[in-house]
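The values are calculated or read from the model by the stated rules, or taken from the named source; none is laboratory data. Remember, it's a predicted structure, so these values are computed and weren't measured experimentally. Note: ideal-geometry Cβ built from the backbone for every residue, glycine included; neighbour counts use all protein chains shown.
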Amino acid sequence: MMEQAIVVIAMLGLAAWIIVPLRGRKTAAPIRDDQLNDLIDAKQSVYRSLIDLELDHELGKLTPEDYARLRLQGKQEALDLIRQIDDAAPDDSDEMTLEAEIKAARARLRRE
């Protein structure tokens with residue numbers, strides 16, 4: 001139980017390590033497709049972490065306090081990535097809300 005909590009924390013830490021340099025960068029230059037793809041991949045990684053976190057919580061592997069804290073951190077990371085993606089592609093008005101995207105990802109994973 002503790003090992004899995006450590007793994008989840010490590011995954012979120014890794015995601016933060018990847019995101020923080022991107023977050024501090026404000027540029028007026030158009031973002032390249034590969035950079036946009038990297039942001040989208042990072043967002044999907046955070047979503048997978050949130051889904052794994054929810055499963056660990058449902059299985060009783062996390063305390064409610066740890067779950068709430070880690071979920072909040074993950075949601076903040078995802079929102080930051082969504083903002084970066086929106087800034088990079090402002091014409092994409094079909095972006096779903098964070099909760100809707102998490103539900104869609106969860107549904108896709110359950111079908112697989």
Exercise for review: Determine whether Ala88 is modelled with pLDDT under 80, of a type in the set (A, V, I, L, M) and loosely packed, with under 10 Cβ neighbours inside 10 Å.
Suggested key: no
Check your understanding: Does segment 24-34 contain any residue that is surrounded by 14 or more Cβ atoms within 10 Å (Cβ to Cβ) and at pLDDT 70 or above?
Key -> no
